[in-house]
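This report refers to the structure that appears directly beneath it.
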Amino acid sequence: MQGPTLEFSAADVCPPGLPDAWRDTLAAQLAADEHALGWLSLNLDGQLQYADSLLVLTDRRWLYCGADTQSCRSWPLRSDLHLKLQDHAGVGSLELVDEHARLARWRYTLDRHAQALQLQARHDSLRQPSGDLPPEPSAGIPAKDAQPPRTSSLFRLWRFARPYRRQLGIGLVLTLISTGASLVPPYLTMPLMDDVLIPFQNGEPIHWDLVTLYLSGLLASSLVAWGLGWGRSAILAWVSERIGADLRTTTYQHLQQLSLQYFGGKRTGDLMARIGSESDRICLFLSLHLLDFFTDILMIVMTAAILMSIDPWLALATLAPLPIILWMIHWVRDRLRHGFEKADRVWSEITNVLADTIPGIRVVKAFAQEKREVARFREANDRNLAINDRVNALWSLFTPTVTLLTELGLLVVWVFGIWLVSRQAITVGVLTAFLAYISRFYVRLDSMSRIVSVTQRAAAGAKRIFDILDHVSSVPEPADPRPMDQIRGRIELSRIGFRYGNRSVIQDLSLDIAPGEMVGLVGHSGSGKSTLVNLICRFYDVSQGAIRLDGIDIRQYAISDYRRHIGLVLQEPFLFYGSVAENIAYGRPDASRADIIAAARAAHAHEFILRLPHGYDSLVGERGQALSGGERQRISIARAILIDPPILILDEATSSVDTATENEIQKALDNLVKGRTTISIAHRLSTLREADRLVVMDSGRIVEIGRHDELLAREGAYARLYQAQLQGTLPPSRPVEHPAHEADDDSDS
């Protein structure tokens, strides 16, 4: 029921995204000239029970309509009103306060938090002296991404073109010369007409020497224009392909350096579309259309200069439609760039549907949701069709109008030129040359106007790519990385805290893990276990405090160097498309076959690998679909064993397999943890009995520390967890928690 903040009035039938249940109620409450500037669909009441209600900000007041739609309350806008947002344990709270008291408080689940932030920003903007309201971003689109693309985005591509500036210079010189050569033939038509053909019609013999000279000049200029045009096209195409390749590589490289927090808010299909189709569009623009654009400008400028030199008055008549065409180009450009930006976003939605359903096709078929997914795709495709129809409608009106203006300009030249010939102000040859030049002039002008569409598409693509390149990782590299010498494996957490957005996930947590010690993390789902592991791996950086490795803050190490000393085994192991050996050696690509087999033996994976059709060279399929869950897990353990890390992190490594497979995996883990500092998350508490210490977490804090028997004797939080699991009231395993989204899970504690 949530939607973006939009501006509408009571006269509107149904504002986009507004729940139908509130339409009539809101229309009845708003005055005729009152405008709603933003709204928030609430889903909790004062007792934190699910109940629907609506909060609306107008240009006059705050308006709240509860579950009983017959009664609404309002608070007039005043300069002393403030809107405060808080969150705790997965629940957001929005308070309206003045200088003396709290006037109202509303609750909602945190999936509405982004909309609440927009509403708060909208209210704050009303309190600005100027009273100007910032533009409201579209639904689900960050404010930065919602800004229309600017053609200036294309100029930022110069950083990728700079290494090829020599080739670009040669290409531009060839363009200049070839354009000049293409303007020679119309100029030679003047002496052909005035010195050869017209005298011949008047009874004089044809001067074949002149004919040969002029025709040779025509042939030579055509050959020169052709040769230079071929050379410049080849050079600029070569450069543009390399610029496109560098752009894709740089974007992907930068994407790899961003933190998990960035990927948590992005769709896979959208990122694929940006790196793939957007860079291809830019490459096509650079290789073809940009060259045509420069050629058109050169042709127009040089033609105008030649026309002015031949006859200024006739030239002015020729250029009369030019200001109107230039104004139309500017007018349509502003509208096209908005349309193309929307089209790009909708195309990303189509790619997102494909990226969701193709990897998840087994789930789609298992729940018989093929029709639903087809409907999702059709809906996105229809939105894409509607946006492109609007853009095409504008473009289909623009291009014939430009053509009409060029035809009218040609007609003006005919009328004015015939009048000048009749008054013997110019010769027929001059008029013929003018007509030849003006035809080329208007053809180039029409071509340049058509490039507006391609330019705006490329600008939209460049903006979306630079949105990635401009993003700064929330886990920055140190300016002067500290070298990593011999690692002992002592981990110290000193009063650390972590916030995911406005949600506090880890609070004032301290823990000291000795080298070679095995520590088990236990607690309810959402207590902060996996978030703590993510902080130790430096997938995120702590908001306060510090994490130290052997007494040194981990933020002083280069990220890649630091993570090479950590072995990570996840609940849901991810295998890449390739062979078994390639997946085991992923962390050490130069490993020998003997080392790979030794790691597989230690992980109790060697036997089942030999039973595969091609042994270690067998393909595992995309994401390891050709293997069972237990087999994938043992390959991931072998992958961790092969890099021989001093620190090992196990995140629910045995929670999603059967008992027999768990025993095999446990044997492999026993081989893996020997002599390493190990942090293990397990929901099956029985698997952590041999841990040196158990750390019990709740709501982002440590509530108990001790061995299994000690904690049972205390009859505290651990004992309650253990008894609940024995009695079957606590599920033996938890839902899959991807590291990138653990902060969302923790907020529900």
Output the residue which, of all residues in the stretch 708-749 that are among the hydroxyl-bearing types (Ser, Thr, Tyr) and farther than 26 Å from Ile496 by Cα, is modelled with the lowest pLDDT. Ser733
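With Thr189, Thr179 as the choices, which residue is open to solvent by less than 30 Å² (accessible area, probe 1.4 Å) and β-branched (Val, Ile, Thr)? Steps first, please.
On the way: Thr189 fails: open to solvent by less than 30 Å² (accessible area, probe 1.4 Å).
Going through Thr189, Thr179 in turn, the sole match is Thr179.
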Here's a check for you: in the stretch 412-455, which residue that is small (Gly, Ala, Ser) and at pLDDT 70 or above is surrounded by the fewest Cβ atoms within 10 Å (Cβ to Cβ)? Ser422
Filtered residues of the stretch 418-438 (kept if of a type in the set (Gly, Ala, Ser) and outside any helix (DSSP H, G or I)): Ala425
So which of Thr250, Thr179 ends up being assigned to a helix (DSSP H, G or I), among the hydroxyl-bearing types (Ser, Thr, Tyr) and within 20 Å of Asp292 (Cα to Cα)? Thr179
For the stretch 405-434, give me each residue that is aliphatic (A, V, I, L, M) and under 22 Å from Ile297 (Cβ atoms). Leu405, Leu410, Val413, Ala433
Within the stretch 376-399, residues open to solvent by 70 Å² or more (accessible area, probe 1.4 Å) and at pLDDT 75 or above come out as Arg376, Phe377, Arg378, Glu379, Asp382, Arg383, Leu385, Asp389, Arg390, Asn392
Does the stretch 682-707 hold any residues that are surrounded by 14 or more Cβ atoms within 10 Å (Cβ to Cβ) and modelled with pLDDT under 85, and which are they? Ala682, His683, Arg684, Leu685, Thr687, Leu688, Ala691, Ser699
Out of all the residues in the stretch 645-664, is one or more open to solvent by less than 10 Å² (accessible area, probe 1.4 Å), touching a Phe, Trp or Tyr at 6+ places or on another chain (Cβ under 9 Å), at pLDDT 85 or above and aliphatic (A, V, I, L, M)? no
Could you tell me which of the residues Ile536, Ile554 is touching a residue at least 60 places away in the same chain (Cβ under 8 Å) and either out of contact with any His (no Cβ under 9 Å at 6 or more places or on another chain) or aliphatic (A, V, I, L, M) (or both)? Ile536
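What is the residue count in the stretch 350-361 for residues that are touching a residue at least 40 places away in the same chain (Cβ under 8 Å) and either acidic (Asp, Glu) or open to solvent by less than 70 Å² (accessible area, probe 1.4 Å) (or both)?
Within the stretch 350-361, the subset touching a residue at least 40 places away in the same chain (Cβ under 8 Å) is 350-356, 359.
Now narrow it down to the ones that are either acidic (Asp, Glu) or open to solvent by less than 70 Å² (accessible area, probe 1.4 Å) (or both): 350-353, 355-356, 359.
Residues in the stretch 350-361 being touching a residue at least 40 places away in the same chain (Cβ under 8 Å) and either acidic (Asp, Glu) or open to solvent by less than 70 Å² (accessible area, probe 1.4 Å) (or both): 7 in total.
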Matching residues, the stretch 197-233, being free of Cβ contacts under 8 Å to residues at least 24 places away in the same chain, open to solvent by less than 70 Å² (accessible area, probe 1.4 Å) and farther than 30 Å from Leu172 by Cα: Pro199, Gly203, Ile206, Leu210, Val211
Are any residues in the stretch 1-47 in contact with a Leu (Cβ under 8 Å, 6 or more places away or on another chain), under 18 Å from Leu117 (Cα atoms), modelled with pLDDT of 70 or more and not small (Gly, Ala, Ser), and if so, which ones? Leu37, Trp39, Leu40, Leu42
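So that you can scan it fast, the table gives a plain yes or no per residue for (1) touching a residue at least 24 places away in the same chain (Cβ under 8 Å); (2) part of a loop (DSSP other than H, G, I, E, B); (3) closer than 30 Å to Phe294 by Cα:
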| site | (1), (2), (3) |
| --- | --- |
| Val363 | no, no, no |
| Val374 | no, no, no |
| Arg383 | yes, no, no |
| Asn388 | yes, no, yes |
| Thr401 | yes, no, yes |
| Leu411 | no, no, yes |
| Phe416 | yes, no, no |
| Phe441 | yes, no, yes |
Inspect all residues belonging to the stretch 586-597 and state whether any of them is part of a loop (DSSP other than H, G, I, E, B) and basic (Lys, Arg). yes
Cβ-Cβ distance below 7 Å, separation of 6 or more or different chains: which pairs start in the stretch 154-175 with a residue that is surrounded by 16 or more Cβ atoms within 10 Å (Cβ to Cβ) and end on one that is of a type in the set (Lys, Arg)? Tyr164/Arg242; Gly171/Arg232; Leu174/Arg232; Thr175/Arg232
Somewhere in the stretch 70-90, is a residue closer than 30 Å to Glu278 by Cα and modelled with pLDDT of 75 or more? no
Do we find a residue being touching a residue at least 60 places away in the same chain (Cβ under 8 Å), in contact with a helix residue (DSSP H, G or I) (Cβ under 7 Å, 6 or more places away or on another chain), in a loop (DSSP other than H, G, I, E, B) and within 29 Å of Tyr500 (Cα to Cα) anywhere in the stretch 575-584? yes
Exclusive hit being at positive phi and not aromatic (Phe, Trp, Tyr), set Gly520, Gly545: Gly545
Ile491 - would you say it is touching a strand residue (DSSP E or B) at 6+ places or on another chain (Cβ under 9 Å), open to solvent by less than 40 Å² (accessible area, probe 1.4 Å) and farther than 26 Å from Val696 by Cα? no
Residue list for the stretch 587-643, restricted to those being open to solvent by less than 30 Å² (accessible area, probe 1.4 Å), of a type in the set (Val, Ile, Thr) and touching a residue at least 60 places away in the same chain (Cβ under 8 Å): Ile635, Ile637, Ile641
Those residues of the stretch 390-399 which are of a type in the set (S, T, N, Q) and touching a residue at least 24 places away in the same chain (Cβ under 8 Å) amount to Thr399
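The values are calculated or read from the model by the stated rules, or taken from the named source; none is laboratory data. Just so it is clear, the model here is predicted, and its values are computed rather than measured. Every residue, glycine as well, gets a Cβ built from its backbone with ideal geometry; the counts of neighbours run over all protein chains shown. To get the accessible areas, we keep the full protein, side chains included, count just its heavy atoms, and leave off ligands, DNA and RNA. Shrake-Rupley method; radii C 1.70, N 1.55, O 1.52, S 1.80 Å.
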